[in-house]
Amino acid sequence: MSDEPAVDTRTAHEPETAPPPPHPAAPQPSAPPPRRRGPGAFTLMVLPGLLTLSVVAGFLALTGGLPTDWVQDEGPQQSTANGVDETYGPWLRKAAEACTVVTPSLLAAQIDQLSGWDNGGATATGAAAASRQQGIAAYTDAEWRTWGKDDDGNGSSSPLDQADAIMALGRQDCSLAEKITDLRTDGTVSGELVDLTLAAYAVGTDAVAEAGKVPTAAQTYLTEVKALFARYEAFDRDDSAGGPLANAILAAPVTTLTVTSPYGSRQHPLTGVTKLHTGVDFGAPQGAQVSSARDGTVVFAAMTRAYGNRIVVDHGAIDGKRLQTTYSHLSAMEVAVGQTVRTGTPIGRVGSTGLSTGPHLHFEVIYDGYYADPQPWLASNG
């Protein structure tokens, strides 16, 4: 059984060339050193201040430092890995849900290559501002009109909003991946989907189609991005989910928990892409009843390209962290968004809609924004 996150199929302009990385300022010629004419302004004005600071520093060292009410807030803490703000992790994972080709580490590697995670700022005006690449994903105004949205719901859509930028890059990559998949299916191009997708980002799908493979013009970009994958593998893992709370607090969503594809890394049987299988596939007959695993509220119920008929139930906060379960490839949905459900409430029927090789339920547990192995969460007796 199989599944993959849905691909955004909206028609949109794709960049013909990859956004170039920022160029360092040209070095300035050095001037000849001035002749010394006795004590200068630095010596007369700055040196006494430095001596004073040295005395103050010595005093603080003896007295234990500044009073606590002098200490400034340092802002969001950085993760210990690679200096990337830990709050980006859930957005990278969410953006990667749009298709199986894209992974959180791929998106992070692209951002590293594009901007080095430097968000920059909008200092140019007029035509210069419109063509200027802004934010961690290096979008121009024209590109942002195609891919940008207010994904974090803060009331504005901006390439300088890191969450919006990450989600936009995920949409763009997944749109390119879908086009490349079609080209590979009809024999126009050959090669790894990830490589071809990155090449399409760099030089456009037309150039990839014309070359029939990764074009030479895209090779440098592809090599640089892939060299960064290993640095961000931690974003692909689900290290923080499924902790001590994963103690059989969910009821079985189907009568018999026959696992046909477990949670974990696997090669997708349809796309051939190896990535995290974000849930468990339970084999069940077509039309078998699917029930809510816990009390909650339906927050999504719709047809998707890859998951088919998909339902997401929000179970509220557990130990201060949000818990959700998902139910995919359904042949029928029996609940609507906003509906309150109880443990065991019928919500749909087993099917094989979307990208699927046969009737089954793809069941996921999402805890604090991370996918978790569902099996430790499930009560064996249902």
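The values are calculated or read from the model by the stated rules, or taken from the named source; none is laboratory data. Only a predicted model underlies this, so the values are computations on that prediction, with no experimental measurement involved. In this analysis, Cβ positions are derived from the backbone assuming ideal geometry, glycine residues included, and neighbour counts consider all displayed protein chains. The accessibility values were calculated without ligands, DNA or RNA, using every heavy atom of the protein model including side chains. Shrake-Rupley method; radii C 1.70, N 1.55, O 1.52, S 1.80 Å.
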(request) Could you tell me what fraction of 2.2 N^0.38 Å the Cα radius of gyration of the stretch 298-382 comes to, as a two-decimal ratio? (result) 1.07
(message) Using a 7 Å offset from the Cα along the Cα-to-Cβ direction at both residue 248 and residue 286, what is the distance between the two label points in nm, to one decimal?
(response) 3.5 nm
(request) Working with all protein chains in place, sort 325, 185, 343 by solvent-accessible area computed with a 1.4 Å probe, largest first. (result) 185, 343, 325
(message) Suppose each label sits 7 Å from its Cα in the direction of the beta carbon; what would the residue 233-residue 337 distance come out to in nanometres?
(response) 3.8 nm
